[in-house]
Amino acid sequence: MTTAAKASTGVNHATTAPAYLDVWDLHAYYGESYIVQGISFKIHEGEILALLGRNGAGKTTTLRAIARLDEPQVSHGEIWLDHKPLHQMKSYEAATNGLGLVPEDRRIIAGLTVEENLKLAQIAPPIGWSLDRLYDLFPRLRERRNQEGITLSGGEQQMLAIARALARDIKVLLLDEPYEGLAPVIVDEIEKTLRLIKEQGMTTVIVEQNAVRALELADRAVILDTGGIVFDGLASEVLENEELRAEYLAI
């Protein structure tokens, strides 16, 4: 580990600042593979956190563990969201308590229009995210509201997947590779939208191979390497630290 990395390694879990999403001593496996090896970090309300690292570092495994999906298998650890113990919940209970995961494959429901995808996810009555508010955030979806969701372009499907998560009036948005396979102009559009929802108080965790774009968007960054945390600090620190980027992000 570099000297620069060592200076910012780990989480000051004793900080007095209240955490909104708090991950503590998380261990997770896929079968016999020990992927996440006792990591701890916290996110404050309204922050964007970039969860970064090379392929296989444990980023997506961490997101899936937070979302309480059946895989990976979590053997130990605690996950708290707004003082509620997600680690004691099933995935649907975590979702009901405000956690929204947008997976890399987006999972747009075949046979349903854009609006039907949104209505299916929306709580009734909507508290914060009405259809009109979602369409204001994503004007392209308004234009295509009666089009089957799976016939949209990749970028439009990503917008729909994010809008569908917001429709459930979530507290924390988890994004797994939201820029994957998208043209730079579409990435710009999605990034602009993520900044807008941050201004409205949304707390976001983004896993993204395009680390520079994620760091430019984020307030803070956590970098994983072989299942452990090697950096937890300001995103701007990573952008300014060439040695750290080269060693752990290959940029």
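Bear in mind that the values in this text are calculations on the coordinates, not laboratory data. Note that this is a predicted model, so its numbers are computed, not measured. Please note: Cβ atoms are built from the backbone with ideal geometry, for glycine as well, and neighbour counts cover all protein chains shown.
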Two-decimal ratio, region 66-179, of alpha-carbon radius of gyration to 2.2 N^0.38 Å: 1.11
Span-rule helices in the chain, defined as complete DSSP H runs reaching 20 Å or more along the axis (Cα) with Kyte mean at least 1.6: none
Indicate the gyration tensor shape class of region 20-130 (rounded, prolate or oblate), computed on the Cα atoms with a ≥ b ≥ c the square roots of the eigenvalues: a/c under 1.5 is rounded; otherwise a/b larger than b/c is prolate and the rest oblate. prolate
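Restricting to the chain, what percent of DSSP beta bridges are antiparallel, rounded to 5? Spell out each step's value before the answer.
Working: 24 of 41 bridges.
Counting only bridges with both partners in the chain, antiparallel ones make up about 60 percent.
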Computed over the Cα atoms of region 161-234, the Rg and Dmax in Å are 12.8, 35
Expressed in angstrom and rounded, the centroid-to-centroid distance over alpha carbons for region 218-243 and region 16-57 is 12
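Can you give the convex hull volume per residue for the Cα atoms of region 122-248, as a whole number of Å³?
On the way: hull volume 16.0 nm³, N = 127.
Dividing the Cα hull volume of region 122-248 by its residues yields 126 Å³.
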Let a ≥ b ≥ c be the square roots of the eigenvalues of the Cα gyration tensor of region 49-88; is it rounded (a/c under 1.5), or, if not, prolate (a/b larger than b/c) or oblate? oblate
Below 8 Å between Cα atoms, with a sequence gap of 6+, how large is the relative contact order for region 101-194 in percent? 43
The size of the Cβ-based charge dipole (Lys, Arg +1; Asp, Glu -1) of the chain about the Cα centre, to the nearest 20 debye, is 540
As straight-line cross-link partners of residue 59, the qualifying lysines (C-alpha separation under 17 Å, not fewer than 8 residues apart within one chain) are 42
A convex hull over the alpha carbons of the chain yields, per residue, a volume in Å³ of 124
Give me the distance in nm between label points sitting 7 Å out from Cα along the Cα-to-Cβ direction at residue 132 and residue 216, one decimal. 3.5
